[in-house]
Amino acid sequence: MKRSSMIHGVILGTFCLGFGAVLAVTDRMTSDDIAARALDDKQNSLSQVLPDELHDNQPVTDTLTLKNDEGREITIYRARRQGRVTGVAYEIFGTGYSGEIRLMLGVDADGRVLGVRVLAHKETPGLGDKIEVKKGDWILRFTGLSLGNPAPERWKVKKDSGDFDQFAGATITPRGVVRAIHGGLDFFAANKAALLEAN
Amino acid sequence: MKTDYKTIVSDGLWSNNGVLSMLLGLCPAMAMTTSATNGFGMGLATAVVMAASSLLVALFRQRITQEIRIPVFILIVASMVTLVDLAMNAWMHELYKVLGLFIPLIVSNCLPLARLEAFAAKQPPLAALVDGLFMGIGFTLALTSVGAVREILGSGTLFADASLLLGPAFKAIEMRILPADMGVLMMILPPGGFLITGLMVVVKRLFDLRAGREIQMGGAHSAPA
């Protein structure tokens with residue numbers, strides 16, 4: 001009895017060791033490629049909110065970390081031309097119908113929206129997911145807007161007597177996104193000096 | 001012993017179908033069938049993992065003793081899932097962005113484990129490979145059809161985003177069946193998953209009754225000898 005359970009232990013251990021080794025080797029083989037792909041993805045989402053003609057640097061590696069109002073660490077990606085910061089992009093967070101909506105917001109040096117894209121959300125497919133650029137143009141509406149344009153009391157969805165369309169059957173999602181973008185612009189205004197500093 | 005490949009194939013695809021006959025793997029079958037494309041992608045990833053782990057278990061079947069078989073099976077399935085996950089992330093990144101979400105879920109699918117226990121552990125490698133592969137394809141077919149019905153009723157489309165998964169050539173199969181505002185939202189929410197999966201099981205059994213075939217129920221342990 002004792003001897004046989006020893007043997008089982010040895011067999012199981014051998015299997016674990018063998019598959020562990022296979023996994024370790026695969027991880028080694030793939031880790032560089034995976035890191036490169038992750039960087040590509042980030043660059044991709046940044047290039048949608050920081051137009052190419054705005055910078056001659058690599059915003060994805062030109063970063064700065066600031067704390068927002070909620071004490072959350074925000075990574076800022078800076079676009080520069082000839083050393084001067086021409087625009088910044090950073091993540092903003094909204095509250096949707098079913099959890100957090102993460103977005104990437106690009107703002108130029110004058111505080112105008114360069115572009116917004118959804119990074120991740122859990123909204124209802126077919127209703128709230130129209131905030132994604134591949135499902136609709138709604139999110140493109142924000143390009144060029146700033147804190148004063150439209151006026152602060154109009155930075156709301158139409159149902160709340162603001163300027164922005166809601167979706168049929170989904171008001172909470174667009175409301176959350178509008179609020180997040182407005183908050184993102186507030187963050188820019190509050191940290192303007194730090195964000196545009198050239199060092 | 002002669003292996004009856006025809007029975008293995010027809011078992012996997014229809015008569016002992018993982019979802020519609022054995023009612024196994026229902027968790028991914030409900031969660032991932034909000035569209036035909038999602039169901040297809042989940043099914044495909046599962047089929048790869050099932051074929052690979054069935055082959056491995058059959059190869060090592062003399063070494064895997066009765067007492068430790070369950071942890072070894074889980075180890076093998078989990079290793080295969082991790083391998084597929086890493087390899088796809090590195091070398092098929094576009095596909096990974098669509099499917100990546102589903103892959104870790106395969107570990108929690110009891111269908112691969114059931115086939116390892118009921119079939120692969122007692123059969124020669126080639127038979128086990130065929131069984132894993134066709135059980136996986138049967139799973140893919142079931143998930144794609146449940147997904148298709150839910151997608152048509154819920155969003156009014158069929159195979160939406162197929163080009164993201166299969167390449168631009170498949171843009172042509174992306175269809176709109178009903179106008180956008182006709183969809184019944186409930187169908188793409190969890191209750192719709194239960195309703196449609198249940199209805200599909202009924203439809204399959206009616207077919208079998210019609211054809212005078214014996215209905216296999218809960219047949220997870222009925223491996224062809």
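Only the coordinates and a few stated rules stand behind these numbers; no lab work does. Because the structure is a prediction, the values reported are computed rather than measured. Methodologically, a virtual Cβ is constructed for each residue, glycine included, from the backbone with ideal geometry; neighbour enumeration extends over all protein chains shown.
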field: DSSP-defined beta bridges in the protein assembly as shown - what % are antiparallel, rounded to 5
entry: 95
16 Å Cα-Cα reach of A:Lys67 towards lysines, excluding residues that sit fewer than 8 places from it in its own chain: A:Lys192
query: Is there a simple number for the mean count of other chain Cβ atoms within 10 Å of the Cβ of residues in A:57-64, and what is it?
result: 0
query: Tell me, what is the percent relative contact order of the stretch B:7-211, built from C-alpha pairs under 8 Å that lie six or more residues apart?
result: 34
statement: In the stretch A:52-196 the DSSP beta bridges are antiparallel at a rate, in percent to nearest 5, of 95
- request: Would you mind checking the tilt of helix A:172-190 against the longest principal axis of the Cα atoms of chain A, expressed as 0 to 90 degrees and rounded to 10?
  value: 80
- line: The local net charge around A:Leu196, scoring Lys/Arg +1 and Asp/Glu -1 for residues other than A:Leu196 whose Cβ lies under 14 Å from its Cβ, equals +2
query: Which helices of chain B meet both criteria: a Cα extent of 27 Å or more along the helical axis and a mean Kyte-Doolittle score no lower than -0.5, with helices taken as whole DSSP H segments?
result: B:36-59, B:69-91, B:125-155, B:190-210
statement: Expressed as a whole number, the average count of other chain Cβ atoms within 10 Å around the Cβ atoms of A:7-17 is 4
- prompt: Each residue of the stretch A:14-24 in order: what ³J(HN,Hα) in whole Hz does its phi give by Karplus 6.51 cos²θ - 1.76 cosθ + 1.60, θ = phi - 60°, with x for Gly and Pro?
  reply: 5, 4, 4, 4, x, 6, x, 5, 4, 5, 4
- request: Within the stretch A:7-51, which residues have the backbone N less than 20 Å from the label spot 7 Å out from B:Val98 along Cα→beta-carbon, could you tell me?
  value: A:37-38, A:41-42, A:44-45
field: Between the stretch A:135-165 and the stretch B:93-137, the Cα center-to-center distance that results, in Å
entry: 48
query: Counting each DSSP H run of 4 or more residues in chain B as -39500 (n - 2.57), what helix-only mean residue ellipticity at 222 nm follows after dividing by all residues, to the nearest 500 deg cm²/dmol?
result: -19000 deg cm²/dmol
task: Evaluate peptide A:151-160: per residue, the Cβ atoms of other protein chains within 10 Å of its Cβ; return the mean as an integer.
output: 0
message: Just to be sure I follow the definition: excluding the sites themselves, where is the longest run in chain A that has none of the trypsin sites (Lys or Arg not before Pro) in a DSSP loop with at most 14 other Cβ atoms within 10 Å?
response: A:1-71
Sum of -39500 (n - 2.57) over DSSP H runs of 4+, divided by residues of chain A (222 nm, nearest 500): -13000 deg cm²/dmol
- line: Between the modelled labels at B:Gln66 and A:Ala120 (7 Å from Cα along Cα→Cβ) the distance in nm is 4.7
